[in-house]
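K.L.:
Supplied in structure tokens, the structure appears directly below.
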Amino acid sequence: MFPSRPWRENPQRYRLEAQKCEKTGKVFFPPRLVAPGTLDASTLKPYNLPEDGEVYTFTVIEVPPSQFKDEAPYTVGIIELSDGTKITCQIADCEPDDIKIGMKVKIEFRRVQTHGEHGVLSYGFKAVPAIPGVTTV
Amino acid sequence: MRDVAIIGVGMNKWGEVWESTLRDMFVEAALESIKDAGVDHLDGMYVGSMTPGLFVGQEHIGSMLADYLGMKGLPGTRVESACASGGLALKSAVLEIASGHSDIILAGGVEKMTDCSGDDATYALATAADQEYEVFHGATFPGLYAMMARRHMHEFGTTREQLAHVAVKNHKNGAKNPKAQYPFEVTLEGVMTSVMVADPMRILDCSPITDGAACVIVADLETAKKYTNNPAVKITGFGHATDNIALHSRDSLTCLEATKLAGERAYKMAGRKPEDIDVCEVHDCFTIAEIMVIEDLGFFEKGKGGTGAESGETHIGGRIPVNTSGGLKSKGHPVGATGIAQAYEITTQLRGEAGDRQVEGAKVGLCQNMGGSGGSTVVHIMEVV
Amino acid sequence: MVGIVGYGAKIPRHRIKVEEIAKVWGADAPSYKRGLQLNEKSVPSPDVDTITLSVMAAKYALKRAGINGSEIGSVYVGSESHPYAVKPSGTVVAEAIGAVTDCHCADYEFACKAGSEAMFVNLGLVKSGFIKYGLSIGGDTSQGAPGDALEYSAAAGSAAFIMGTGDKVLAEIEHTFSFMSDTPDFWRREHEHYPQHGGRFTGEPAYFRTVKGASNAILERAGMKPSDFQFAVFHQPNGKFPMRVGKMLGFTKEQMETGWLSPWLGNTYSGASPMGLTAILDIAKPGDRIFMCSYGSGAGSDAFVWKVTDRLKEVQEMCPKTRVQLDEHKVYVDYGTYAKFRKKILKNK
């Protein structure tokens, strides 16, 4: 993985920086250069995604791509954040059997890919169960 | 715009074709289709292939395949829309003929997927998803469809067994297809206990890795009459649509909007409704895909695709036979070729030449070819002239 | 007034018990437990490292400080398990909290006192007015060699402190003192995977001499006695050493209990005494005095005298507390999973 590609996504992967259309209220993650249905970005304003939500759907990956070989089985889910935005990420610190659609989660900063012995480490977000006092207040 | 018809079809036997290269398979299928049509020249060629570059390091195949077909000088175009590349090649050929620019075009598709490791093939296929926001997090194609399946089960009560019915039916049909990769039947039990790939998608819910090529010859109706003894199969409508590439961007995970939109566009152009369709080939890359597609094409109410799969209505002899060829599941899925092979099957059905896969009295057929997790779809409607 | 304006700690969810490690190496678990006063330790899963723990701790600190990441003027991360040998952990932390681009940054290494040194430096930077707020982090996901005594304690955790001045201070710094020498009790050469240590040499001539040196000096400088303090926390490589040195200095078990995490957390190296401090801050009351003395092999100790202000009680409940993260919803793993998580298993390249 050449370093420029993940580097460019830092604001999104590290800080969940998105956009909100001030006309429709729709949220775009990642940010876009043109608001759908229009030909410019004038209505798109900076907006940070919330860091809590619930599981919308998920799957347990048993046959992984090579960069995740050592981590399988792992869970990938689509999380519906508290503002309605949906994002894809892994669900960590949780047995697959304990995950249900609707389970409350918190977004945490995690290492997503290691790229072997030599590569630049890719950090980003994962969802963890929202446990009062432990991962959330 | 002129009327356009398919006048010839060809494909090699699909599978792990160790002895053939990408160009070998394409030429084999192309020659079969040219012979079937009885034409002696082409005005142009469209080839659908998802990623010959990643699979075998070869791009520029529009040129290469014209060369290897012995037709250097021919305008050759490679088109790509992930797994809908074949459908896109056909649509492109149809438009060039309909416009009056050309009279005889070959629309083909090819993918050579076994000259690399399984991991490399998986990586290549994953390029059809959102690299930075889906694949980066470890989502795989079976994983994306598994997430759709889980949502479909949650919203509509679709069951694990209903998913298996799709695989069983398609293998039953594929067992009768001499070109299929896996021409044998499977059982419900066998599907539901096969190795888990991405919960709930098991290995027998997933279409395989396949080498294969398929070609059809498309001509305007006047030219068709000059060349062919076979009944011409007219393409009366087509529809092409895209959707958000990432699942999480879509309003619903249980509705394939690109399929719905492409279907509506095709029905409108053909002046047809879902109930007019006698036989169809749909994109069963995963069992759940067939269930959602038959809803989104209007054959079943939204949410009823599962019970539909279980009911026998989609079997040969049922209300709306789906995937008489064996579908992607049993026939195989050499990515760029699939859309063309669907046209091969529907043409064969409408000509009455499908043997023990024949749908009695089939007059109107439909092909639905989908890319990635539904980010693009091309639908064609065909009728006997 | 100069001191801590925000703090936070992050502990991973997974644990392994001493018995589980002892079973594999044929060691006598009860004697390890008694001798070192260790029961279990935290285990980082493959997606957790010093950087990720530090980012989460820093986010909690920002929340408690009630400031924006862009107001941070320096990010210093002290660790002996930085994910990179070259390329600071601090840049990822700074980027993750939005402190970039107008920010000082460097990583610190001084074995287990890298974090406390970073705390001292930021106190100086904010006191002098060079920056408004400075983020100091001590965290580790250290490794112990398989079968070695250190394998029972090498654990993972991170603590973050934002230093500042004025009304936001929740714990004022009253005195600091640093005592150091070149004492090679524990080291790791470049390119080595696991550290070496001098066995019993790590005790009296290293840990005890240095911690006592810094602690006695700061008490003298401050004109204070152990009984002036409500809480005390020392570097805690195991459960035994901090209790022993505390008693030698005249502190009681009751004073040390709150910050005494290692019997259940293990040794979080650069996070050890800093995390003990966060556990104390989670429950301390206005006016409380806290005695802190870190220790880093090599060797040195940073001592601090903190006084809690009225503001602390306003922010304690804002983020997950240290002791709650330590004690609740733990996920135990077996040695095989632990070895796989920590990449101790040799695989075909």
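K.L.:
Using a Gaussian network model on chain B with a 10 Å cutoff between Cα atoms, which of B:A146, B:A214, B:A84 fluctuates the most?
P.N.:
Judging by the Gaussian network model, the answer is B:A146.
K.L.:
Using the Cα centre of the stretch C:247-336 as the reference point, and only Cβ charges (+1 on K/R, -1 on D/E), how large is the resulting charge dipole? Debye, rounded to the nearest 20. Working shown, then result.
P.N.:
Working: 10 positive and 11 negative charges, 51 e Å.
Once rounded to the nearest 20, the dipole reads 240 debye.
K.L.:
Looking at the square roots a ≥ b ≥ c of the eigenvalues of the Cα gyration tensor of the stretch A:51-137, which shape do they give, rounded for a/c under 1.5, prolate if a/b is larger than b/c, or oblate? Display every interim value, and only then the final one.
P.N.:
Values: a/c = 1.94, a/b = 1.54, b/c = 1.26.
It is prolate, given that a/c is not under 1.5 and a/b is the larger ratio.
K.L.:
So which of C:K17/C:K63; A:K26/C:K321; A:K104/A:K126; C:K321/C:K344; C:K253/C:K307 end up more than 25 Å apart by C-alpha? Don't skip to the end; give the middle numbers.
P.N.:
On the way: C:K17/C:K63 33 Å; A:K26/C:K321 35 Å; A:K104/A:K126 13 Å; C:K321/C:K344 31 Å; C:K253/C:K307 20 Å.
Checking Cα-Cα distances, C:K17/C:K63; A:K26/C:K321; C:K321/C:K344 exceed 25 Å.
K.L.:
Here is a follow-up. In 5 Å bins starting at 0, how do the alpha-carbon pair distances of the stretch B:85-234 split up by percent?
P.N.:
Percent of Cα pairs in each bin: 2, 8, 12, 13, 15, 15, 12, 10, 8, 5, 1, 0.
K.L.:
A further question on this structure: What are the principal axis extents of the Cα atoms in the stretch C:173-311, in Å, biggest first?
P.N.:
Cα spread of the stretch C:173-311 along its principal axes, largest to smallest: 48, 31, 23 Å.
K.L.:
Related question: Across the stretch B:10-15, in residue order, what do the Karplus-derived ³J(HN,Hα) couplings come to in whole Hz, using 6.51 cos²θ - 1.76 cosθ + 1.60 with θ = phi - 60° and x for Gly and Pro?
P.N.:
Once rounded to whole Hz, the list reads x, 7, 8, 6, 7, x.
K.L.:
Compare the Cα positions of A:P30, A:S82, A:F68 along the charge dipole of chain A (+1 at Cβ of Lys, Arg; -1 at Cβ of Asp, Glu; about the Cα centre) and return the one farthest towards the positive end.
P.N.:
Ranked along the dipole, the leading option is A:P30.
K.L.:
With Rg and the Kirkwood Rh both taken from Cα atoms, where does Rg over Rh land for the protein assembly as shown?
P.N.:
Working: Rg = 32.8 Å, Rh = 30.0 Å.
Over the Cα atoms of the protein assembly as shown, Rg/Rh equals 1.10.
K.L.:
If Lys and Arg each add +1 and Asp and Glu each add -1, what is the summed charge of the other residues whose beta carbon sits under 13 Å from the beta carbon of B:Q162?
P.N.:
Details: positive: B:R160, B:K169, B:K304; negative: B:E161, B:D205, B:E290, B:E295, B:E310, B:E313.
That sum, taken over residues with Cβ under 13 Å, equals -3.
K.L.:
So, one more: Can you tell me, using C-alpha contacts under 8 Å and at least 6 residues apart, the relative contact order of chain A as a whole percent? Walk me through the intermediate numbers first.
P.N.:
Working: 252 pairs, mean separation 27.7, N = 137.
Computed over chain A, the figure is 20 percent.
K.L.:
Return the whole-Å distance between the Cα centroid of the stretch C:77-101 and the Cα centroid of the stretch B:244-281.
P.N.:
About 49 Å separates the Cα centre of the stretch C:77-101 from the one of the stretch B:244-281.
K.L.:
Next question, about the same structure. With charges only on Cβ, +1 for K and R and -1 for D and E, what is the dipole size of the protein assembly as shown about its Cα centre, in debye, rounded to 20? Walk me through the intermediate numbers first.
P.N.:
On the way: 91 positive and 105 negative charges, 458 e Å.
With only Lys, Arg, Asp and Glu charged at Cβ, the dipole is about 2200 debye.
K.L.:
Here's a follow-up. Among rounded, prolate and oblate, which fits the stretch B:171-283 when a ≥ b ≥ c are the square roots of the eigenvalues of its C-alpha gyration tensor, a/c under 1.5 means rounded, and a/b larger than b/c means prolate? Don't skip to the answer; put the middle values down first.
P.N.:
Numbers: a/c = 2.39, a/b = 1.32, b/c = 1.81.
Oblate.
K.L.:
Could you give P(r) for chain C, binned at 20 Å from zero, as whole percent values over all Cα-Cα pairs?
P.N.:
34, 59, 6, 0
K.L.:
Pull up the DSSP beta bridges for the protein assembly as shown and report the antiparallel fraction as a percent, rounded to 5. Walk me through the numbers on the way to the answer.
P.N.:
On the way: 111 of 146 bridges.
So the antiparallel bridges in the protein assembly as shown amount to around 75 percent.
K.L.:
Just to be sure I understand: with springs between alpha-carbon atoms less than 10 Å apart, which residue in B:V195, B:V110, B:V279 has the highest mean-square fluctuation in the Gaussian network model of chain B?
P.N.:
Greatest mean-square fluctuation among the candidates belongs to B:V195.
K.L.:
Order of B:C215, B:C83, B:C116 from fewest to most other C-beta atoms within 10 Å? Don't skip to the answer; put the middle values down first.
P.N.:
On the way: B:C215 35, B:C83 31, B:C116 17.
Going from sparsest to densest Cβ surroundings: B:C116, B:C83, B:C215.
K.L.:
Something else now. Mind telling me which of C:R64, C:R289, C:R34 comes out most flexible in a GNM of chain C, alpha-carbon contacts under 10 Å?
P.N.:
The residue with the greatest mean-square fluctuation here is C:R34.
K.L.:
Any idea which of C:V2, C:P274, C:M163 is furthest toward the positive side of the dipole for chain C, if Lys and Arg beta-carbons carry +1 and Asp and Glu beta-carbons -1?
P.N.:
C:P274
K.L.:
Sequence gap at least 6, Cα distance under 8 Å: using those rules, report the relative contact order of chain C to the nearest whole percent. If you can, show how the numbers build up before the last one.
P.N.:
Working: 885 pairs, mean separation 86.6, N = 349.
Reported relative contact order: 25 percent.
K.L.:
Still on this structure: Can you put B:E360, B:E281 in order of Cβ neighbours within 10 angstrom, beginning with the fewest?
P.N.:
Numbers: B:E360 10, B:E281 29.
Ordered by Cβ neighbours within 10 Å, fewest first: B:E360, B:E281.
K.L.:
Around C:D185, what is the net charge, scoring Lys/Arg as +1 and Asp/Glu as -1 over all other residues with Cβ under 14 Å from its Cβ? Walk me through the numbers before you get to the answer.
P.N.:
Working: positive: C:K113, C:R188, C:R200, C:R209; negative: C:E80, C:D182, C:E204.
For residues surrounding C:D185, the net value is +1.
K.L.:
A further question follows. What is the dipole size for the stretch C:173-311, taken about its Cα centre, with +1 at each Lys and Arg Cβ and -1 at each Asp and Glu Cβ, in debye to the nearest 20?
P.N.:
On the way: 15 positive and 14 negative charges, 59 e Å.
Result for the stretch C:173-311 is approximately 280 debye, rounded to the nearest 20.
K.L.:
Follow-up. Given the options B:T377, B:A354, B:A289, identify the residue whose Cα lies farthest towards the positive end of the charge dipole of the stretch B:262-385 (+1 on Cβ of Lys, Arg; -1 on Cβ of Asp, Glu).
P.N.:
Comparing the listed Cα positions along the dipole, B:T377 ranks first.
K.L.:
Classify the stretch C:82-215: rounded, prolate or oblate, from the alpha-carbon gyration tensor (a ≥ b ≥ c, eigenvalue square roots; a/c under 1.5 rounded; otherwise prolate if a/b is larger than b/c)? Working shown, then result.
P.N.:
Working: a/c = 2.44, a/b = 1.44, b/c = 1.69.
Judged from the Cα gyration tensor, the stretch C:82-215 comes out oblate (a/c at least 1.5, b/c at or above a/b).
K.L.:
Pairwise over distinct Cα atoms, reciprocal of the mean inverse distance: report the Kirkwood radius of the stretch C:181-253 in Å, one decimal place. List each step's numbers first, then the result.
P.N.:
Values: mean 1/r = 0.0725 Å⁻¹.
For the stretch C:181-253, the Kirkwood estimate is 13.8 Å.
K.L.:
Now, a different point. Give the order of A:K45, B:K112 when sorted by the count of other beta carbons within 10 angstrom, beginning with the fewest.
P.N.:
Numbers: A:K45 11, B:K112 26.
Fewest to most other Cβ atoms nearby, the residues stand as A:K45, B:K112.
K.L.:
Right, next: Please compute the contact order of chain B in relative form: average sequence separation of alpha-carbon pairs under 8 Å and at least six residues apart, divided by the residue count, as a percent.
P.N.:
On the way: 992 pairs, mean separation 99.8, N = 385.
That works out to 26 percent.
K.L.:
Let me ask you something else. Which entries in B:K91/B:K273; A:K20/A:K106; B:K329/C:K347; B:K234/B:K331; C:K168/C:K225 show an alpha-carbon gap greater than 26 Å? Let's see the in-between values first.
P.N.:
Working: B:K91/B:K273 20 Å; A:K20/A:K106 21 Å; B:K329/C:K347 35 Å; B:K234/B:K331 24 Å; C:K168/C:K225 28 Å.
Pairs exceeding 26 Å: B:K329/C:K347; C:K168/C:K225.
Every read-out reported here was derived from the displayed coordinates using simple, explicitly stated rules and does not represent laboratory data. Everything numeric here is computed off the predicted structure, so don't read it as measured data. Here the Cβ is made from the backbone with ideal geometry for all residues, glycine too, and neighbour counts use every protein chain on show.
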